[in-house]
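Take a look at the structure below.
The values are calculated or read from the model by the stated rules, or taken from the named source; none is laboratory data. This is a predicted model, so every value here is computed, not measured. Backbone-built Cβ (ideal geometry, glycine too); neighbour counts: all protein chains shown.
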């Protein structure tokens, strides 16, 4: 914000206490091309001309010269932290000029081609690290430097900025993190006692990793132990990843899984390169149509969906394009409203429905995998080669294809996704050919076939009907997917004559949701059916449900029926209710569940749950259940306690002829150069916050995350590739600790541990009142024995300072001449003598040098 101040203080008016000191030390300095100033009459600051202080800098509203690391905002959008320089006037730049390097201007997305000739010549003639005045590069911009908040706000005309989609973060700001070790753990001990048996079991799941120089090593596994079966460790994944930013892709080496977007997911050992959609801005992920139109005037354009505003912008006369809508799911057609400057309105409807295969125009997804199928699926680890490709051709069409195979199996897929006014369709066909071992000539030397798949989704706005997933797949008798073909070959190689691999023939899946009129709730239904070529019968699953509420009481009714291939049915009916209580009650919610099966067995369960302690660190629940027809009554207790270091769980249950209990813990340990920091949360992309001396300070909005006694905290669940704001709440800090910075923003790589350091100033806050013999002017600077600035002289010869030593000598200076300096000895008293604000008050005399 630009400030215009033209004030002259004269006459007998006296200045407010600390006005100039506070204004110059903490208030923002606003500048534009025509900087204005305030003129002060120094006679009213100190009648003694010998001790008069030079306040020319304050008159001009100029910050203290030096280098600052500040958060830069352009038109209110955070662009990251950069160094800036405030000139002291000793060189070619005027006193107080604010300058940034050429490299910084480029990283700030300034459209160099739109700059004036003079600005362009200045920029092109500079080295990358040469400091250039902001008002010379962007003479029409206004800027506001707030040294207290360490923030530079720039107001720049759009013509000087490179147009980027919403949510865009400059890759130059992405942070690959520090060298760190990560251990996410989940450990449980379980003991069960029945009338005839006692058993103990132990489980520990780990997700560990090590990050170094942009390489992310990961290992996932589990250790299980049972009293009667012994110990077993199972490795799930072990791989290393690295991001290839120019390709918006991620490279994976080791034991991992294929993407599963077009072919079935397979566990492989090898190498994979695949696009990372998360690197794109939020507004470029998923599917949303490209909107084009023509405005006759400077028009206001709105994009609506079901009477909800999704997007609004202002466009110039002529053709316009909107390509940065956020993904809108299955929400129905879009209405584009163009409000012209003359009051006229244009409207157009954009059909919108999405399947998982649709992409925005111009967006490409791909994956390339070469390796071997891992043991555990088949023993001989056959070769696996897979490549998939998908590209958005236009608003309506997305094409996709893929290949998969090895020397004994080959499959090729071709498909097309289409968005239409009556819904979104996708259709693909996969041809596969499997070569069998020679000894099985009776089966034929090879088997080949096709698999056809059709998907559909649609939202009918007029009726509130949402068919979110409808998929049908039919496979011919000779078709086999990769896994089935490899298992069949292995069985044949092992002379297994009892080969019984069920090959799917057809599969149908349907999910539908119907919103009823206001107050009548919501109805949903789902259907799944699968048939096999070499098995009679089919698997079927049906489910129907209804949700609504009466006041604050939520309830749901559902019915499900399952049929297996042998023709056996299982039917269940369920009623569930959730009843909230007062927030200050011991229990905040009651749940009721009634369950009945097709044999007439009825089970009733009632539960109570609640939370306690600060930030609901303790959660607990009790439940009781009863069942008829041979069933029995039972009860259970569950609890979870989130500590600053880990999350603890405990549970117990008992019923007829049995009882059990379990203990568990989960969380994260991060190993870094400063030691080991523990967290009660488990995450993969994290921030390591460093704030020495700030023990106990709360971090961001994560309950229970606080700075530990070593000065560190781990913040989990950061959004990769996007800006995350990490703040420290200074409330509760000791009086002798002050945060130099309370908030920072960071955009981490996926899987990174980024370090954010928050400087602290240690020292006792002291108010020193100088006696009448101390001829010290208002606004004089105060330094400690190590020449650190610790305070400033205010009205009435009062000094507020933060002192690191229990005793020592301060120097007060208001000029370079010896008679413009004096020395002040101090000895801090006991903290018990502090005033109500926690500040010590001293009396002292400043003696001329």
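If I ask for residues that are part of a loop (DSSP other than H, G, I, E, B) and touching a strand residue (DSSP E or B) at 6+ places or on another chain (Cβ under 6 Å), which ones from the stretch 470-485 would you list? Lay out the reasoning, then the answer.
Pass one, the stretch 470-485, residues part of a loop (DSSP other than H, G, I, E, B): 476-481.
Those that are part of a loop (DSSP other than H, G, I, E, B) and touching a strand residue (DSSP E or B) at 6+ places or on another chain (Cβ under 6 Å): 476, 478, 479, 480.
Of all residues in the stretch 111-130, how many are surrounded by 14 or more Cβ atoms within 10 Å (Cβ to Cβ), outside any helix (DSSP H, G or I) and either out of contact with any strand residue (DSSP E or B) (no Cβ under 7 Å at 6 or more places or on another chain) or free of Cβ contacts under 8 Å to residues at least 24 places away in the same chain (or both)?
Number satisfying all stated conditions: 2.
Would you point out which residue out of 641, 648, 557, 608 is at pLDDT 90 or above and not assigned by TED's automatic domain parsing to the domain that holds residue 184?
557
Quick check: is even one residue across the stretch 762-774 modelled with pLDDT under 90, out of contact with any strand residue (DSSP E or B) (no Cβ under 8 Å at 6 or more places or on another chain) and within 30 Å of residue 839 (Cα to Cα)?
Checked the stretch 762-774: at least one residue is modelled with pLDDT under 90, out of contact with any strand residue (DSSP E or B) (no Cβ under 8 Å at 6 or more places or on another chain) and within 30 Å of residue 839 (Cα to Cα).
Go through (1) surrounded by fewer than 22 Cβ atoms within 10 Å (Cβ to Cβ); (2) without any contact (Cβ under 8 Å) to a residue 40 or more places away in the chain; (3) under 27 Å from residue 175 (Cα atoms) and name the single condition residue 679 misses.
Of the numbered conditions (1) surrounded by fewer than 22 Cβ atoms within 10 Å (Cβ to Cβ); (2) without any contact (Cβ under 8 Å) to a residue 40 or more places away in the chain; (3) under 27 Å from residue 175 (Cα atoms), the odd one out for residue 679 is (1).
Report the residue count in the stretch 77-110 for those that are more than 27 Å from residue 722 (Cα to Cα) and either surrounded by fewer than 20 Cβ atoms within 10 Å (Cβ to Cβ) or in contact with a helix residue (DSSP H, G or I) (Cβ under 9 Å, 6 or more places away or on another chain) (or both).
14
With the requirement that a residue be part of a loop (DSSP other than H, G, I, E, B) and under 30 Å from residue 245 (Cβ atoms), what does the stretch 692-732 give you? Outline the logic, then answer.
To start, the set of residues in the stretch 692-732 that are part of a loop (DSSP other than H, G, I, E, B) comprises 692-697, 700-705, 707-711, 716-723, 730-732.
Correct list: 700, 701, 702, 705, 716, 717, 718, 719, 720, 721, 722, 723.
With closer than 30 Å to residue 335 by Cβ, modelled with pLDDT under 90 and under 31 Å from the mean Cα position of the chain (by Cα) as the only criterion, which of 417, 424 stands out?
Numbers: 417 fails: modelled with pLDDT under 90.
Just one listed residue meets the conditions, 424.
If only one of 800, 783, 778 is at pLDDT 85 or above and either assigned by TED's automatic domain parsing to the domain that holds residue 733 or buried (at least 20 other Cβ atoms within 10 Å of the Cβ) (or both), which one is it?
Criteria check complete, one pass: 778.
Residue under question is residue 434, and the condition is that it be assigned to a strand (DSSP E or B), touching a helix residue (DSSP H, G or I) at 6+ places or on another chain (Cβ under 8 Å), closer than 30 Å to residue 489 by Cβ and modelled with pLDDT under 95; does it hold?
Criteria met by residue 434.
Given the condition closer than 13 Å to residue 482 by Cα and either in a strand (DSSP E or B) or touching a helix residue (DSSP H, G or I) at 6+ places or on another chain (Cβ under 8 Å) (or both), answer yes or no: does some residue in the stretch 374-381 qualify?
yes
Where in the stretch 229-331 are the strands (runs of 3 or more DSSP E), entirely inside, with at least 3 residues that are farther than 30 Å from residue 350 by Cβ and at pLDDT 85 or above?
Those strands (runs of 3 or more DSSP E) span 230-244, 249-257, 267-275.
Restricting to the stretch 486-505, and then to whatever is out of contact with any helix residue (DSSP H, G or I) (no Cβ under 6 Å at 6 or more places or on another chain) and assigned to a helix (DSSP H, G or I), can you tell me which residue is modelled with the lowest pLDDT?
493
Taking residue 593, is it in a strand (DSSP E or B), over 35 Å from the mean Cα position of the chain (by Cα) and modelled with pLDDT of 85 or more?
yes
Out of the residues in the stretch 506-537 that are exposed (fewer than 14 other Cβ atoms within 10 Å of the Cβ) and at pLDDT below 85, state the one that is nearest to residue 456 (Cα to Cα).
Out of the qualifying residues, it is 537.
Keeping to the stretch 522-557, report how many residues are farther than 30 Å from residue 506 by Cα and not in a strand (DSSP E or B).
Of the residues in that region, 2 qualify.
Any idea which of 638, 615 is surrounded by fewer than 16 Cβ atoms within 10 Å (Cβ to Cβ) and under 30 Å from residue 188 (Cα atoms)?
Numbers: 638 fails: surrounded by fewer than 16 Cβ atoms within 10 Å (Cβ to Cβ).
Being surrounded by fewer than 16 Cβ atoms within 10 Å (Cβ to Cβ) and under 30 Å from residue 188 (Cα atoms) holds for just one of 638, 615, which is 615.
From the set of residues in the stretch 142-164 that are surrounded by 14 or more Cβ atoms within 10 Å (Cβ to Cβ) and touching a helix residue (DSSP H, G or I) at 6+ places or on another chain (Cβ under 7 Å), which is nearest to residue 324 (Cα to Cα)?
160
Out of all the residues in the stretch 741-761, which are surrounded by fewer than 18 Cβ atoms within 10 Å (Cβ to Cβ), within 19 Å of residue 706 (Cβ to Cβ) and in contact with a strand residue (DSSP E or B) (Cβ under 6 Å, 6 or more places away or on another chain)?
Those that are surrounded by fewer than 18 Cβ atoms within 10 Å (Cβ to Cβ), within 19 Å of residue 706 (Cβ to Cβ) and in contact with a strand residue (DSSP E or B) (Cβ under 6 Å, 6 or more places away or on another chain): 742, 743, 757.
When you look at residue 765, is it within 42 Å of the chain's Cα centre (by Cα) and in contact (Cβ under 8 Å) with a residue 40 or more places away in the chain, yes or no? It would help to see each step written out before you state the result.
Working: within 42 Å of the chain's Cα centre (by Cα): yes; in contact (Cβ under 8 Å) with a residue 40 or more places away in the chain: yes.
So residue 765 fits the description; yes.
Is at least one residue of the stretch 654-668 free of Cβ contacts under 8 Å to residues at least 24 places away in the same chain, assigned by TED's automatic domain parsing to the domain that holds residue 702 and part of a strand (DSSP E or B)?
Filtering the stretch 654-668 down to residues free of Cβ contacts under 8 Å to residues at least 24 places away in the same chain leaves 654-655.
Subset that is assigned by TED's automatic domain parsing to the domain that holds residue 702: 654-655.
Then keep just the ones that are part of a strand (DSSP E or B); that gives 654-655.
There is at least one residue in the stretch 654-668 that is free of Cβ contacts under 8 Å to residues at least 24 places away in the same chain, assigned by TED's automatic domain parsing to the domain that holds residue 702 and part of a strand (DSSP E or B).
Within the stretch 397-414, restricting attention to residues that are at pLDDT below 95 and surrounded by fewer than 16 Cβ atoms within 10 Å (Cβ to Cβ), which residue is nearest to the chain's Cα centre (by Cα)?
Checking each candidate, the answer is 397.
Taking residue 370 and the conditions (1) within 30 Å of residue 458 (Cβ to Cβ); (2) modelled with pLDDT of 95 or more; (3) surrounded by fewer than 16 Cβ atoms within 10 Å (Cβ to Cβ), which numbered condition does it fall short on, given that it satisfies the others?
(1)
Residue by residue through the stretch 149-173, note down the ones that are in a loop (DSSP other than H, G, I, E, B), under 21 Å from residue 103 (Cβ atoms) and within 18 Å of the chain's Cα centre (by Cα).
Passing the criteria: 168, 169, 170.
Taking the options 563, 540, name whichever one is over 33 Å from the mean Cα position of the chain (by Cα), within 23 Å of residue 472 (Cβ to Cβ), surrounded by 16 or more Cβ atoms within 10 Å (Cβ to Cβ) and at pLDDT 85 or above.
Step by step, each of 563, 540 is checked, and only 540 is over 33 Å from the mean Cα position of the chain (by Cα), within 23 Å of residue 472 (Cβ to Cβ), surrounded by 16 or more Cβ atoms within 10 Å (Cβ to Cβ) and at pLDDT 85 or above.
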